[in-house]
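Accompanying notes for the structure given below.
The values are calculated or read from the model by the stated rules, or taken from the named source; none is laboratory data. The shown structure was predicted, so the numbers you read here are calculated from the model rather than taken from an experiment. Cβ placement follows ideal geometry from the backbone for every residue including glycine, while neighbour counts extend to all protein chains displayed.
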Amino acid sequence: MKNVLDNILKKVKMPGQYINCEYNSETSSISAKWNKKEVVKIVLCYPDKYVVGMSNLGIEILYKLLNSYDDILCERLFAPDIDMENELQKNNIELFSLETKHKLKEFDIIGFSLQHELCYTNIFTILSLAKIPFKSKERKNLFPLIIAGGPCSCNPHVLEEYIDFFVLGEAEESLINVVRIVQQFKIKNTNNKQELLNEINKLPEVYVSAESGKKVRPAVVDIKKSFYPKNPTVPIIRTTHNRLNIEVTRGCGYNCNFCQPTYINRPLRFRNKEQLFELIEEGINNTGYDEVALSGFCVTNYPYLLQLIDFIHKKYDHKFVSISLPSLRIEDINEKLLEGLSYPRKSTITLAPETATERLRKVLNKEISNEEIFKKIKLLYKFGFYKIKLYFMIGLPTETNEDIEQIPKLIKMLQKYFPKIHFSLGISIFVPKPHTPFQFCKTDIYENLYNKLMFLTKNLKRELKIKSIKSKIYSAFIESMISRGDKYIGELIESVWESGGRFDNWQESFNPDLWIEKIISKKIDLHKYIFTEYNETDKLIWDDIQYSFSKEKLYQQYLTSINIEKFSIPSSTTFTLNYNTIADNNFPSVFIKPTSFRHSCDVFTLRLRFSRKGAIKYISFLDQIEIIKRALRMTELPLCFSEGFNPQIKMSFAPAISVGHESNSEYVDVGISEPVDVVEVKNKINKFLPLGLSLLSAKLLFSPLKKIPALNNVVNLAEYIIVSEEDEFDEDKVDKFFQVESVVVEKHKFGSSTVNKIDLHEVVKSIKLVDKNFINLYLRLIPNKTLKPEIVVSKIFDLNEEKSYFNVIRENLYIETTNGNVLEII
């Protein structure tokens, strides 16, 4: 399978997402346990791409927790992209796990994390590629069991015919309880699936089927005692969030009427301060990240937040570790907090006023005045935060045209008083979610939403970018339909998948016309699922799931909010009068820094030579750079950092390597402030590199980095070894190549219709056949004329580049002088 998989990875986008090789992954532990009979085998499936799923904290916690047991192994799987799906089908390869590449059918439990309704079509992709029947009743064997959890499980009825059972709430303890029951049945070697489901159904947080008549109570854990990983898995490619994620709080203490996480994650809980100090220290030391995200829905309510920030700065200011928080509640912004967040680098600040009017905010139970917004943005400006993203929501209950009109007025007023700040906007459409006070609401109709979005895009051309208003509206409709749906919506999703629906939460993949076509053919009543208002006595399909707020209490809160006393909405003129004294362009910005804040001066240069072998060849050059940076930060070497607003390790690199190429010549120059033992450096760095990437040599140069010519500017010759496993190379064609006057290939400029014609004689310095499957090739690296060796070899030997499989190794890099001499990199 290895050769077939290699050939597939050569053809797909971002092949690094399928290879594993991550630093701190559990692969070796998993492999050691795989053949033990008593071990329960689980694969956690995130039905979205690797770049999204690897940023999900829940997956990481469960992955590490389950693998900490001797009799449990847990692997991961992320939804394959569309091109990978096609290649697997074409080559008749069943879908496999990330770590050991075992088929999904070989696992005891396949667990889906349901984070967003628009990922549901990808569940069918995963099951189809694994050759597992979709519906639970069609799966006669006991294993694998198909289970699900995550926030969208709060309405399990949409997928109840496909999922054997749902584990609701926080899964750290619940999933272990499930595994122990599964283990008993596995040891008994029984195939009675119904008996196992009956036993599982005794757990209060598990939903098996509506027939049981059971009131399910989602699990809540004590996070002060719960498991949290100290050695997080470091993604092999750049993901949505490239940082250390530390969960400070769980749950939420606010009652925003539209917000589902507020109501399904209660109560608000805090981690122990000393535990967090340890997790931060271990996490930074074990990952090499230069940013710590202190996460939680209410992280600014954490009583020791400033102490955490102070701890990070005092411990890691020499590594320039920055701190980020999730979306800040406007009322929680204060000087001490901003002082801690303002160095060593500032991230974009995200605020969610939700609406531009105080009346509508009051309806949402989010009572913040416009005056408060101006005051807090003034404070952000004072501390040098010049990038602010504001999130608004439209289609809300009781919303009027005046509420919409005030959004551009508020933005323009902010821009008037804070011209240095770059404001960007996010506009979402309100979707009523189960278990919230607004679950009783309906979704706004298409015409209204279209007019509102047209108005906003017309009046906020620079700040608001919406590619397709139609797609945005229908995306909200589909989300609303699924979140309030039943088994008929599950069948609709399957039908959409059969017709090509994939990655509906990605704008470029979402096809509203396909959904409309299937809704019509399935005779789905959209009014029932999307445009119906409910009252307290109406039966809601998710009534059998009981979170901390009762249906009666939610309804009372809903009535109170929509009937709240209305008051006048200030006009833009009133804005000016109110905020003239608040917003003042003449106050100075503040730059706060700790006493030890410094930029070290590079006196020496460390020249490193790395190799990349095996599956890691499928990561990009930029991903490789990030891996090397993290490894360097973990070594405690006396690294030098650049100055400015975003301090980075002072480094320079040799010319980039192509995805899919192995190499013995990945040169990196690093600025350091003190001399080091190069043997010790080699041992240290290798300890922190992922599988396949190795430091071959280290050399100390007694000059600062800035005085050494950048390798990318002076290296102009590459030596390649080309090995073919199928084709045979013909010596006569090499002779013919050197005999003809010119051999031209066309190189298409990426993202352009421009075609560059290149004569191979200008590029090829030498080519030598070592044997019939082995070539030694020297290629010149000429600006705008650099060619991949596969193109050169295919042209010279008249081979089909698409069908041929070459293993390419960049053996070394050189400097070719103007008189033709070749110099090695010292």
Checklist line | Selected residue [under 19 Å from Ile61 (Cα atoms) and surrounded by 20 or more Cβ atoms within 10 Å (Cβ to Cβ)] from Val216, Val234 | finding: Val234
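So, Asn646, is that one under 20 Å from Val723 (Cα atoms), touching a residue at least 40 places away in the same chain (Cβ under 8 Å) and not assigned by TED's automatic domain parsing to the domain that holds Ile721 or not?
The answer is no for Asn646.
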Next item on the list: Assess whether Ile657 counts as being at pLDDT 95 or above and in contact with an Asp or Glu (Cβ under 7 Å, 6 or more places away or on another chain).
Entry: yes
Item checked: Cβ pairs under 8 Å, 6+ apart, first in the stretch 695-711 and within 11 Å of Leu606 (Cβ to Cβ) and assigned by TED's automatic domain parsing to the domain that holds Ile649, second assigned to a loop (DSSP other than H, G, I, E, B) and of a type in the set (Lys, Arg) -> Leu705/Lys650
Next item on the list: Within the stretch 619-678, work out how many residues are more than 28 Å from the chain's Cα centre (by Cα) and basic (Lys, Arg).
Entry: 0
Note to self: Can you pull out every residue in the stretch 77-111 that is in a loop (DSSP other than H, G, I, E, B), of a type in the set (S, T, N, Q) and surrounded by fewer than 22 Cβ atoms within 10 Å (Cβ to Cβ)?
What the structure shows: Asn91, Asn92, Thr100
Check: Of (1) in contact with a helix residue (DSSP H, G or I) (Cβ under 7 Å, 6 or more places away or on another chain); (2) over 18 Å from Gln115 (Cα atoms), Lys442 satisfies all except one. Which?
Finding: (1)
Notebook entry, point to check: With Thr560, Thr537 as the choices, which residue is polar (S, T, N, Q), outside any helix (DSSP H, G or I) and free of Cβ contacts under 8 Å to residues at least 40 places away in the same chain?
Noted result: Thr537
Item checked: Residues that are in contact with a helix residue (DSSP H, G or I) (Cβ under 7 Å, 6 or more places away or on another chain) and charged (D, E, K, R), drawn from the stretch 502-524 -> Arg502, Asp504, Lys518, Lys522
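Criterion first (modelled with pLDDT of 50 or more and in a loop (DSSP other than H, G, I, E, B)) does Ser589 satisfy it? Steps first, answer last, please.
On the way: modelled with pLDDT of 50 or more: no; in a loop (DSSP other than H, G, I, E, B): yes.
So Ser589 does not fit the description; no.
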Next item on the list: Could you tell me whether Ile93 is touching a helix residue (DSSP H, G or I) at 6+ places or on another chain (Cβ under 8 Å) and touching a residue at least 40 places away in the same chain (Cβ under 8 Å)?
Entry: yes
Checklist line | Complete set of residues in the stretch 500-529 that are surrounded by 14 or more Cβ atoms within 10 Å (Cβ to Cβ), within 30 Å of the chain's Cα centre (by Cα) and part of a loop (DSSP other than H, G, I, E, B) | finding: Gly501, Arg502, Phe503, Asp504, Asn505, Trp506, Ser509, Phe510, Asn511
Checklist line | Filtered residue count, the stretch 472-487, keeping only those that are basic (Lys, Arg) and within 19 Å of Ile427 (Cβ to Cβ) | finding: 1
Check: With respect to Lys11, is the statement that it is within 29 Å of Lys613 (Cα to Cα) and modelled with pLDDT under 95 true?
Finding: yes
Next item on the list: Look through the stretch 481-499, keep the residues that are within 28 Å of the chain's Cα centre (by Cα) and among the acidic types (Asp, Glu), and return whichever of them is nearest to Asn155 (Cα to Cα).
Entry: Glu494
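Tally the residues that are of a type in the set (Gly, Ala, Ser) and assigned to a loop (DSSP other than H, G, I, E, B), restricting the search to the stretch 640-686. Can you show your working first?
Step one: list which residues in the stretch 640-686 are of a type in the set (Gly, Ala, Ser), which gives 642, 644, 652, 654, 656, 658, 660, 663, 665, 671, 673.
Applying the additional criterion that residues be assigned to a loop (DSSP other than H, G, I, E, B) yields 642, 644, 654, 656, 658, 660, 673.
Number of matching residues: 7.
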Notebook entry, point to check: Taking the stretch 99-109, which residues are out of contact with any Leu (no Cβ under 6 Å at 6 or more places or on another chain) and in contact (Cβ under 8 Å) with a residue 40 or more places away in the chain?
Noted result: Glu99, Thr100, Lys101, His102, Glu106, Phe107, Asp108
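Has the stretch 719-740 got at least one residue that is in a helix (DSSP H, G or I), surrounded by 12 or more Cβ atoms within 10 Å (Cβ to Cβ), of a type in the set (Val, Ile, Thr) and not assigned by TED's automatic domain parsing to the domain that holds Arg630? Step through it out loud before you land on a result.
We begin by selecting, within the stretch 719-740, every residue in a helix (DSSP H, G or I); these are 731-739.
From the residues that got through so far, the ones that are surrounded by 12 or more Cβ atoms within 10 Å (Cβ to Cβ) too are 733-734, 736-738.
Subset that is of a type in the set (Val, Ile, Thr): 734.
Keeping just the survivors that are not assigned by TED's automatic domain parsing to the domain that holds Arg630 gives 734.
The answer is yes; a qualifying residue exists.
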Next item on the list: Kindly list the number of the only condition in (1) at negative phi; (2) at pLDDT 95 or above; (3) basic (Lys, Arg); (4) surrounded by fewer than 20 Cβ atoms within 10 Å (Cβ to Cβ) that fails for Lys131.
Entry: (1)
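Tell me yes or no: at least one residue of the stretch 289-298 is closer than 19 Å to Asn245 by Cα and touching an Asp or Glu at 6+ places or on another chain (Cβ under 7 Å). Quick ask: steps written out before the conclusion?
Applying the first criterion (closer than 19 Å to Asn245 by Cα) to the stretch 289-298 yields 289-298.
Remaining after also requiring touching an Asp or Glu at 6+ places or on another chain (Cβ under 7 Å): 295-296.
Checking the stretch 289-298: at least one residue is closer than 19 Å to Asn245 by Cα and touching an Asp or Glu at 6+ places or on another chain (Cβ under 7 Å).
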Next item on the list: May I ask you to list the residues in the stretch 71-90 that are touching a helix residue (DSSP H, G or I) at 6+ places or on another chain (Cβ under 6 Å) and among the β-branched types (Val, Ile, Thr)?
Entry: Ile72
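Is there a residue in the stretch 136-144 that is farther than 20 Å from Ile93 by Cα, acidic (Asp, Glu), surrounded by fewer than 20 Cβ atoms within 10 Å (Cβ to Cβ) and modelled with pLDDT of 95 or more? Before you say what the answer is, go through the steps one by one.
Kept after step one, since they are farther than 20 Å from Ile93 by Cα, are these residues of the stretch 136-144: 136-143.
Then keep just the ones that are acidic (Asp, Glu); that gives 138.
Filter again for surrounded by fewer than 20 Cβ atoms within 10 Å (Cβ to Cβ), leaving 138.
With the extra rule that they be modelled with pLDDT of 95 or more, the set shrinks to 138.
There is at least one residue in the stretch 136-144 that is farther than 20 Å from Ile93 by Cα, acidic (Asp, Glu), surrounded by fewer than 20 Cβ atoms within 10 Å (Cβ to Cβ) and modelled with pLDDT of 95 or more.
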Checklist line | Sole residue being in a helix (DSSP H, G or I) and within 31 Å of the chain's Cα centre (by Cα), chosen from Ile466, Ile478, Ile404, Ile427 | finding: Ile478
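Checking the conditions here, which among Asn122, Asn141 is under 23 Å from Leu9 (Cβ atoms) and polar (S, T, N, Q)? If you could, list the steps in order and put the result at the bottom.
On the way: Asn141 fails: under 23 Å from Leu9 (Cβ atoms).
None of the others qualify; the one that does is Asn122.
Just one of Leu396, Leu380, Leu338 is touching a Lys or Arg at 6+ places or on another chain (Cβ under 9 Å), in contact (Cβ under 8 Å) with a residue 24 or more places away in the chain and outside the structural domain of Tyr263 (by TED's automatic domain parsing); which is it?
Values: Leu396 fails: touching a Lys or Arg at 6+ places or on another chain (Cβ under 9 Å); Leu380 fails: touching a Lys or Arg at 6+ places or on another chain (Cβ under 9 Å).
Answer to the selection: Leu338.
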Notebook entry, point to check: Which ranges mark the helices (runs of 4 or more DSSP H) fully within the stretch 112-215 that have 1 or more residues being among the β-branched types (Val, Ile, Thr) and in contact (Cβ under 8 Å) with a residue 60 or more places away in the chain?
Noted result: 120-129, 171-188
